[in-house]
Amino acid sequence: MTHSAPAKKKIAILGSGVAAMTTVFELTDPPGWQDKFEITVYQMGWRLGGKGASGRNLDAPYHYRIEEHGLHIWFGIYDNAFRLIRKCYEELGRAPDAPLGTWQAAFKPHSLSVLEENVSGQWLAWPIEMPTNTKTPGDGHLLMLITAALVAFTGYRMFDSAWKGSSEEHDEDDERPLRHRPLNFTLVGAVAGLLSGLLGIGGGVVMVPAFHTIAGMKVKNAIASSLVCVAGFAIPGTVTHAVLGNIDWRVAAALTVFVIPGARIGAALTVKADDIRLRLAIAGFLGIVSIIYAAGEVASL
């Protein structure tokens with residue numbers, strides 16, 4: 001009895017900009033990808049790169065000038081982008097003396113930029129000098145290490161308050177109605193949004209400790225309120241991806257079967273637990289997360 005090879009998944013990618021080419025690069029990175037995928041890139045015209053493409057006009061009257069869609073500027077903090085382009089050059093194996101033979105030859109360090117502003121019909125120049133350093137773009141693991149440090153510090157704060165036994169007792173200022181502390185909640189929202197966008201963390205990792213330590217909420221109230229916030233954050237993204245057809249409803253349904261009972265059990269345990277135990281549980285969880293983050297980054301150095 002013979003078994004036929006599993007059918008390849010056909011993937012169509014529309015356009016060939018930086019995001020599209022990054023997708024293709026990552027899909028074709030694992031060994032044996034040819035046995036799993038059949039990838040087709042559809043591009044109007046012959047040039048790949050989208051907004052990142054450039055070339056020279058070979059007509060002499062135009063002085064062979066470079067023609068592009070705009071300035072191509074990569075800031076030094078674009079570690080993922082530089083890591084990707086360096087990997088591309090490694091696989092390309094281009095001779096160092098070839099045109100743009102190395103990624104260092106393709107990128108020119110530059111620290112000065114100038115913005116122009118029209119004020120009352122007069123153009124004013126605003127020069128911006130960026131600080132320089134000796135680091136190589138693409139080597140940075142700084143953000144994830146910052147994430148680990150932040151999560152560890154947050155866990156320590158929760159553990160410290162529990163260790164001191166300051167259960168549900170607050171001073172008179174903390175006993176003010178929550179509606180009288182709008183600035184605190186504005187700060188929590190701003191910090192949670194910043195960290196969510198910058199580091200990809202949020203929800204219970206940020207909002208529960210922040211609600212408790214910054215806004216003065218009781219731990220149980222902080223947990224319940226963060227659930228509502230996370231649900232609200234998820235709605236726009238869920239609707240968008242549902243319209244685009246990106247959601248695998250089979251996987252979502254299978255997970256929901258276990259998530260709902262688990263959430264119900266977790267909520268029941270939270271209701272029954274006292275404040276100090278909850279703080280210790282949150283602190284322990286944050287400590288484990290910080291260790292995982294830090295270990296992963298250290299191992300990849």
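A few points about this structure:
- For region 81-168, the spread of Cα positions along each principal axis, largest first, Å: 66, 53, 19
- Here Leu27 and Val119 are evaluated by their C-beta separation; at R0 = 51 Å the FRET efficiency comes out at 0.55.
- By the rule of a C-alpha distance below 22 Å, with chain neighbours fewer than 8 residues away ignored, the lysines paired with Lys220 are Lys164, Lys272.
- Cα Rg, Dmax (largest Cα-Cα span) when computed across region 245-295, Å: 15.5, 44
- Estimated FRET transfer efficiency when R0 is 30 angstrom, pair Ile288-Lys87 (beta carbons, to 0.05): 0.45
- Length gained on full extension, Ala95 to Ala12: 26.6 nm, using 0.36 nm per residue less the C-alpha separation.
- Sorting Arg65, Arg279 by the number of Cβ atoms found within 10 Å of their own Cβ, with the fewest placed first, yields Arg65, Arg279.
- Long pairs among Lys51/Lys135; Lys51/Lys108; Lys9/Lys87; Lys9/Lys51, criterion Cα-Cα beyond 22 Å: Lys51/Lys135; Lys9/Lys87; Lys9/Lys51
- Partner lysines whose Cα lies under 24 Å from the Cα of Lys10, excluding those fewer than 8 positions away in the same chain, are identified as Lys36.
Taken together, the values in this text are just the output of simple stated rules run on the coordinates, not laboratory data. None of the values given here were measured: they were computed from a predicted structure. Cβ sites come from the backbone with ideal geometry, for glycine too, and all protein chains shown count toward neighbours.
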